[in-house]
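These notes are about the structure you will find just below.
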Ligand SMILES: NC(=O)c1ccc[n+]([C@@H]2O[C@H](COP(=O)([O-])OP(=O)(O)OC[C@H]3O[C@@H](n4cnc5c(N)ncnc54)[C@H](OP(=O)(O)O)[C@@H]3O)[C@@H](O)[C@H]2O)c1
């Protein structure tokens, strides 16, 4: 048993050096989709600090430029590489025109790309019936009003389309746009998808969020089999600090503990993402013991459901 951790460490060092021998830290061309804030921003900072070329993408032009400038400063200070190595491009990763324009830019400026980080996503916070204007009582036996109206159902469908566009269509458009470019232009093409623990362990009030994140996770898992030349990493973090909940497609109360007190630190998540890409890890749970929670759901679902109800302070 004692040799297992030694074996894992040696394997990790060997895997890390394998990618770096193919794509050195300073030659790496990294595209971060969803880098104008949060985890994507921290990932962009860290890649810039180690001398990589970084392309920062998000819809808010001012935020994109702000993060690109932060990367230029960090890159220049820590690795001495010039500010020209950072690109800031505003765009929507679910928009075909924006992604094709971005691809042309990467072909022109960098002759391709080595690493694509798909960090963009939106949250959704309400139970599904609440989207349609229907509340369930504490034990889930009665509804007020007793049934959803036509307008209520339509509202739920419209909100679902918003979540699906960002959490599923965005990763899909990015995959179709960048997989051939990555494969043709990189000695070690890699894609990291930031999914969520919620995509693997169901939780109340996360019906829409979790199901749309699960859809893109399975999409990328299947793509990983269809494109064996690319190293795919699926990253499933627990709650992370920051303002993610402010982007919710269904404004409403946040029922869990304050993520800024109990969540993972963005920098730690970003570091772990980069380590996973460097070492060709396939699926990363953070914290790692959540892998057991995922397995436990299939063995003892009622325990995991009870824990999920508690975490989200959910009565019905
Ligand atoms: N925070 C958590 O507790 C948590 C937990 C598990 C997993 N995650 C996952 O981690 C990822 C990052 O979350 P975060 O906490 O860093 O949230 P965040 O601070 O809200 O960052 C989300 C990023 O995605 C970008 N984005 C959203 N829609 C986009 C679109 N259509 N096109 C391009 N960019 C878009 C946003 O930029 P613009 O608004 O400028 O477009 C922003 O840069 C998400 O995929 C999320 O599902 C988060």
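The values are calculated or read from the model by the stated rules, or taken from the named source; none is laboratory data. Bear in mind the structure is a predicted one, so any value in this text is a computation, not a measurement. Here Cβ is always computed from backbone atoms with ideal geometry, including for glycine, and neighbour counts include all displayed protein chains.
Please find, within region 49-90, the residue that is nearest to residue 24 (Cα to Cα) out of those that are touching a strand residue (DSSP E or B) at 6+ places or on another chain (Cβ under 8 Å) and more than 16 Å from the ligand (Cβ to nearest atom). Among those that are touching a strand residue (DSSP E or B) at 6+ places or on another chain (Cβ under 8 Å) and more than 16 Å from the ligand (Cβ to nearest atom), it is 52. Here region 291-316 is the region considered, the condition is being touching a strand residue (DSSP E or B) at 6+ places or on another chain (Cβ under 9 Å) and closer than 24 Å to residue 128 by Cβ, and the residue that is modelled with the lowest pLDDT is 316.
Look at region 172-197 and say how many of its residues are closer than 16 Å to residue 30 by Cα and part of a helix (DSSP H, G or I). Quick ask: steps written out before the conclusion?
Here is the first cut: in region 172-197, the ones closer than 16 Å to residue 30 by Cα are 174-175, 177-194.
Filter once more, keeping what is part of a helix (DSSP H, G or I): 174-175, 177-185.
The total comes to 11.
If residue 228 passes every condition in (1) in contact with a helix residue (DSSP H, G or I) (Cβ under 7 Å, 6 or more places away or on another chain); (2) farther than 21 Å from residue 201 by Cα; (3) part of a loop (DSSP other than H, G, I, E, B) but one, which one does it miss? The single condition residue 228 does not satisfy is (1).
Among the residues of region 145-158, is any touching a residue at least 60 places away in the same chain (Cβ under 8 Å) and either more than 16 Å from the ligand (Cβ to nearest atom) or in contact with a helix residue (DSSP H, G or I) (Cβ under 8 Å, 6 or more places away or on another chain) (or both)? No, every residue in region 145-158 fails to be touching a residue at least 60 places away in the same chain (Cβ under 8 Å) and either more than 16 Å from the ligand (Cβ to nearest atom) or in contact with a helix residue (DSSP H, G or I) (Cβ under 8 Å, 6 or more places away or on another chain) (or both). Looking only at region 173-214, which residues are within 17 Å of residue 235 (Cα to Cα) and surrounded by fewer than 18 Cβ atoms within 10 Å (Cβ to Cβ)? Once the filter is applied, which keeps residues that are within 17 Å of residue 235 (Cα to Cα) and surrounded by fewer than 18 Cβ atoms within 10 Å (Cβ to Cβ), region 173-214 yields only 202.
Residue-wise test of (1) touching a helix residue (DSSP H, G or I) at 6+ places or on another chain (Cβ under 6 Å); (2) outside any loop (DSSP other than H, G, I, E, B); (3) surrounded by 18 or more Cβ atoms within 10 Å (Cβ to Cβ); (4) without any contact (Cβ under 8 Å) to a residue 60 or more places away in the chain.
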{"residue": "269", "(1), (2), (3), (4)": "yes, yes, yes, no"}
{"residue": "277", "(1), (2), (3), (4)": "no, yes, yes, no"}
{"residue": "294", "(1), (2), (3), (4)": "no, yes, no, no"}
{"residue": "298", "(1), (2), (3), (4)": "no, yes, no, yes"}
{"residue": "302", "(1), (2), (3), (4)": "no, yes, no, yes"}
{"residue": "306", "(1), (2), (3), (4)": "no, yes, no, yes"}
{"residue": "315", "(1), (2), (3), (4)": "no, no, no, no"}
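Please work out which residue is surrounded by the fewest Cβ atoms within 10 Å (Cβ to Cβ), limiting yourself to region 279-292 and to residues that are outside any helix (DSSP H, G or I) and in contact with a helix residue (DSSP H, G or I) (Cβ under 6 Å, 6 or more places away or on another chain). It comes out as 280.
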